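Here the structure comes first, spelled out in structure tokens, and everything after it is commentary.
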Amino acid sequence: MIVRLLAIVLIAGGVWSTGAQAEVLRLEEVTAQSQNAGLRPARGMSMSGVEERYGPPVDKFAPVGDPPITRWEYQTFIVYFENQTVIHAVDKRSTSS
């Protein structure tokens, strides 16, 4: 009887210990992304909408590939378009060492 009870306790303890895992959320990255969200064009905006809201880009690059991906560079960020629609916008990296 004691052996059976001990086996049950050990099995239950093993189940509980393997299920108690967690992931670490890096809040500083999430906070930085949400603070910059309004400073860059949002996914789904049109080229004309981006130019209307943010002005003309510093540089426009010709479309590449299929589907065509176009890149516009602004002073502080870069916008990537698929056809005429924003698919991604990222902050430029600092060039200082």
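Worth a mention:
- The SER48 and GLU73 beta-carbon pair, evaluated with R₀ = 25 Å, returns a calculated FRET efficiency of approximately 0.90.
- Packing-based exposure ordering (other Cβ within 10 Å, fewest first) of ASP66, ASP59: ASP66, ASP59
Every number here is computed from the coordinates shown, using simple stated rules; none is lab data. Remember, it's a predicted structure, so these values are computed and weren't measured experimentally. Backbone-built Cβ (ideal geometry, glycine too); neighbour counts: all protein chains shown.
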